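Below is the structure I would like to discuss, written out as structure tokens.
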Amino acid sequence: MGVLGFFTAARPLLALVIVLPLLAMSATVGLLLPQPVEYTATAVVDPSALVGGLDTQYAGAQGVTQFVSAFEATASGPVVRSAVVARTKVSPDDLAAGLVVTQRGSSASVAVAYTSMDEDTVVPILEDVTVQTLHTLFESQVQSAQAAVDGAQRAVAAATAAISQFTARNAVADPQNAYEAQLARVDGLVQQQAFARAAGNAVGAAAMATSIAAAEAELTRFAPLMTGYRTLTTARTVAVQALDAADAKLAAASMQLANADPTKIVYVGSPQAVDRSRRIVLATVSVGTAAFLLGLVLVLVLVLTAAAHDAPGTA
């Protein structure tokens, strides 16, 4: 069969190429138009005070990337989803299907969008997602820092108690002061003996030797006490320094949590009806194109089948 013969045979079937796409496109429009209207809103999280600073959780050149990744993972993670589902009564499937978190450009700003057929739930769910996400990201840091402070306070208390037990056991309120007082006493006796000798009072100077020896013997008793006392006071100093560092971290974490206040950094837009025209047009064109190609294939198959049937020698 030549080309001319093919087109001559196919002419009666060309209506199929036109009718089939029209029917498919009409059916597509008929299916999509009655669908319920969806509503969407977007919350913008602008964490300028939470990213990049030296005393922030997300510091340095990778701070922006780390914050955005952490926010996206946390917002779609099980902790936040469970909390939002419990508070808003939205179904887990609807929440997963309607929630989208994206970075705004290359900044630390994040856009959280939610789409639902229930217009009244869009904004409350958006607000709860952002609140729960920020709370999870930064409240955990405060809790960790508070735990470190509590541990450091216990260490300081234990070091202080050890010093108290040591001084009580050795009947010395303050070994350092007692040592210094005894050292001053020895120095005073030695000076008095020197003055007596200088004055020619050899008898008086000799008589003071016994007192000096006794005072020096008492002074040597403080040597092991001072070693133990200094060990304990050094341990307490280290514990106090650790407590100061833990307090500083807690203050920084608390400041971050305050800066993560959703009322300061989250901006929620009003819900808007989703424009379905573009989606309907694209779907209709796609279906019409597929139906057109299918029509061409059917015409080709029918013509070739007919030609094979009419060929000489065909039963």
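How many residues are among the small types (Gly, Ala, Ser), touching a residue at least 60 places away in the same chain (Cβ under 8 Å) and assigned to a helix (DSSP H, G or I) when one looks only at region 267-303?
Of all residues in region 267-303, those among the small types (Gly, Ala, Ser) come to 269-270, 273, 277, 283, 286, 288, 290-291, 295.
Filter again for touching a residue at least 60 places away in the same chain (Cβ under 8 Å), leaving 269-270, 273, 283, 288, 290-291, 295.
With assigned to a helix (DSSP H, G or I) added as a condition, the list becomes 283, 288, 290-291, 295.
Number of matching residues: 5.
Is it true that some residue in region 164-187 is at pLDDT 75 or above, farther than 17 Å from Arg230 by Cα and of a type in the set (S, T, N, Q)?
no
For Thr102, state whether it is among the hydroxyl-bearing types (Ser, Thr, Tyr), under 21 Å from Asp261 (Cα atoms) and either part of a strand (DSSP E or B) or touching a Gly at 6+ places or on another chain (Cβ under 7 Å) (or both). If you could, list the steps in order and put the result at the bottom.
On the way: among the hydroxyl-bearing types (Ser, Thr, Tyr): yes; under 21 Å from Asp261 (Cα atoms): yes; either part of a strand (DSSP E or B) or touching a Gly at 6+ places or on another chain (Cβ under 7 Å) (or both): yes.
Here the answer is yes, as Thr102 does meet what is asked.
Looking at the structure I just gave you, is Arg230 charged (D, E, K, R), surrounded by 15 or more Cβ atoms within 10 Å (Cβ to Cβ) and free of Cβ contacts under 8 Å to residues at least 60 places away in the same chain?
Working: charged (D, E, K, R): yes; surrounded by 15 or more Cβ atoms within 10 Å (Cβ to Cβ): no; free of Cβ contacts under 8 Å to residues at least 60 places away in the same chain: yes.
Answer is no for this residue.
Right, something else. Take region 245-300 and flag every residue that is surrounded by fewer than 15 Cβ atoms within 10 Å (Cβ to Cβ), more than 23 Å from Phe71 (Cβ to Cβ) and of a type in the set (Asp, Glu).
Asp275 - this is the single residue of region 245-300 that is surrounded by fewer than 15 Cβ atoms within 10 Å (Cβ to Cβ), more than 23 Å from Phe71 (Cβ to Cβ) and of a type in the set (Asp, Glu).
Quick one: Ala148 ticks every box in (1) within 30 Å of Tyr229 (Cα to Cα); (2) free of Cβ contacts under 8 Å to residues at least 12 places away in the same chain bar one, so which box is it?
Going through (1) within 30 Å of Tyr229 (Cα to Cα); (2) free of Cβ contacts under 8 Å to residues at least 12 places away in the same chain one by one, Ala148 breaks only (2).
Let me ask another. Only residues that are closer than 30 Å to Gln256 by Cα and touching a residue at least 60 places away in the same chain (Cβ under 8 Å): list them for region 151-192, please.
If the condition is that a residue be closer than 30 Å to Gln256 by Cα and touching a residue at least 60 places away in the same chain (Cβ under 8 Å), then Gly151, Ala152, Gln153, Ala155, Val156 are the ones that fit.
How do the pairs read when you match residues in region 55-69 that are part of a loop (DSSP other than H, G, I, E, B) and surrounded by 13 or more Cβ atoms within 10 Å (Cβ to Cβ) with residues anywhere that are at pLDDT below 75 and among the aromatic types (Phe, Trp, Tyr), using Cβ under 7 Å and keeping only pairs 6 or more apart or on different chains?
Qualifying pairs under 7 Å: none.
Would you confirm whether or not region 31-41 contains a residue that is part of a helix (DSSP H, G or I) and either at pLDDT 75 or above or out of contact with any Leu (no Cβ under 8 Å at 6 or more places or on another chain) (or both)? Working first, answer last.
The first filter runs over region 31-41 and keeps only residues part of a helix (DSSP H, G or I), leaving 31-32.
Among the residues that remain, those that are also either at pLDDT 75 or above or out of contact with any Leu (no Cβ under 8 Å at 6 or more places or on another chain) (or both) are: 31-32.
Yes, region 31-41 has at least one match.
Within region 89-104, can you find the residues that are out of contact with any strand residue (DSSP E or B) (no Cβ under 7 Å at 6 or more places or on another chain) and without any contact (Cβ under 8 Å) to a residue 24 or more places away in the chain? Step through it out loud before you land on a result.
In the first step, residues of region 89-104 are kept if they are out of contact with any strand residue (DSSP E or B) (no Cβ under 7 Å at 6 or more places or on another chain); the result is 89-93, 95-97.
If the condition is that a residue be out of contact with any strand residue (DSSP E or B) (no Cβ under 7 Å at 6 or more places or on another chain) and without any contact (Cβ under 8 Å) to a residue 24 or more places away in the chain, then Lys89, Ser91, Pro92, Asp93, Ala96, Ala97 are the ones that fit.
What number of residues within region 105-134 satisfy the criterion of being touching a strand residue (DSSP E or B) at 6+ places or on another chain (Cβ under 8 Å) and either charged (D, E, K, R) or part of a strand (DSSP E or B) (or both)?
Going through region 105-134 one residue at a time, the tally reaches 10.
Which condition breaks for Phe166 when tested against (1) loosely packed, with under 14 Cβ neighbours inside 10 Å; (2) over 34 Å from the mean Cα position of the chain (by Cα)?
Only one criterion is unmet by Phe166, namely (1).
For region 70-95, enumerate the residues that are under 19 Å from Ala111 (Cα atoms) and either among the small types (Gly, Ala, Ser) or part of a loop (DSSP other than H, G, I, E, B) (or both).
Start the filter on region 70-95 by keeping residues that are under 19 Å from Ala111 (Cα atoms), which leaves 70-77, 80-81, 84, 94-95.
Scanning region 70-95 gives Ala70, Ala73, Ala75, Ser76, Gly77.
The values are calculated or read from the model by the stated rules, or taken from the named source; none is laboratory data. From a predicted model like this one, the values you see are computed outputs, not experimental measurements. Neighbour counts run over all protein chains shown; Cβ positions are idealised from the backbone, glycine included.
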